[in-house]
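Below: one structure, written as structure tokens.
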């Protein structure tokens with residue numbers, strides 16, 4: 001079997017979850033019985049922090065965001081980040097569902113363990129199924 005490549009794209013599900021948390025935080029802040037200037041400060045703080053989170057993690061711009069996964073014939077995985085590539089192996093405590101997968105990799109270079117959350121809309125349907133089958137086997 002040839003090496004299989006899975007190029008991740010930003011997830012709309014993750015975007016909506018993050019936006020929901022931001023909107024909920026803003027609503028809670030606006031109904032708190034505190035001074036208006038404190039409310040406005042908290043509002044801007046939430047918007048700035050949330051915007052940073054959106055741009056870095058939802059849109060996969062962070063240096064720690066995995067852009068691509070490549071499964072090699074020998075069972076190892078290649079993880080392509082924004083500016084580097086590392087090899088690793090999938091750990092048995094990874095969680096796979098039809099909606100979201102939490103993949104845990106042990107990196108070969110430094111034995112660190114990292115997690116990768118992949119929502120089903122980050123890959124096309126066939127690729128997501130193929131990814132699940134590769135990891136289950």
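Just so it is clear, none of the values below were taken in a lab; they were calculated from the coordinates. These figures come from a predicted structure and were not determined experimentally. Cβ sites come from the backbone with ideal geometry, for glycine too, and all protein chains shown count toward neighbours.
For the criterion of being touching a strand residue (DSSP E or B) at 6+ places or on another chain (Cβ under 7 Å) and surrounded by 13 or more Cβ atoms within 10 Å (Cβ to Cβ), residue 25 fails.
Residues being closer than 17 Å to residue 115 by Cβ and surrounded by fewer than 16 Cβ atoms within 10 Å (Cβ to Cβ): count how many of those fall in segment 54-66.
The total comes to 4.
Filter segment 3-17 down to residues that are touching a helix residue (DSSP H, G or I) at 6+ places or on another chain (Cβ under 8 Å), surrounded by fewer than 13 Cβ atoms within 10 Å (Cβ to Cβ) and part of a helix (DSSP H, G or I), then give me how many there are. Number satisfying all stated conditions: 1.
Would you check which residues across segment 100-113 are in contact with a strand residue (DSSP E or B) (Cβ under 8 Å, 6 or more places away or on another chain) and either surrounded by fewer than 16 Cβ atoms within 10 Å (Cβ to Cβ) or assigned to a loop (DSSP other than H, G, I, E, B) (or both) and list them?
Listed by number, the residues that qualify are 102, 106, 107, 108, 109, 112, 113.
Can you spot a residue in segment 58-67 that is free of Cβ contacts under 8 Å to residues at least 24 places away in the same chain and over 24 Å from residue 105 (Cβ atoms)? Within segment 58-67, not a single residue is free of Cβ contacts under 8 Å to residues at least 24 places away in the same chain and over 24 Å from residue 105 (Cβ atoms). For segment 73-99, which positions are under 21 Å from residue 124 (Cβ atoms), part of a loop (DSSP other than H, G, I, E, B) and in contact (Cβ under 8 Å) with a residue 12 or more places away in the chain? Passing the criteria: 94, 98, 99. Whether any residue in segment 51-64 is more than 30 Å from residue 88 (Cα to Cα) and assigned to a helix (DSSP H, G or I) is what I want to check. Within segment 51-64 (the criterion being more than 30 Å from residue 88 (Cα to Cα) and assigned to a helix (DSSP H, G or I)), the answer is yes, since at least one residue qualifies. Restricting segment 69-95 to residues that are surrounded by 10 or more Cβ atoms within 10 Å (Cβ to Cβ) and out of contact with any strand residue (DSSP E or B) (no Cβ under 8 Å at 6 or more places or on another chain) leaves a set whose member that is nearest to residue 3 (Cα to Cα) is 81.
Within segment 27-48, does at least one residue satisfy the condition of being outside any helix (DSSP H, G or I), in contact with a helix residue (DSSP H, G or I) (Cβ under 8 Å, 6 or more places away or on another chain) and closer than 19 Å to residue 127 by Cβ? The answer is no; no qualifying residue exists. Only one of the numbered conditions (1) without any contact (Cβ under 8 Å) to a residue 40 or more places away in the chain; (2) within 17 Å of residue 13 (Cβ to Cβ) is violated by residue 121, and that is (1).
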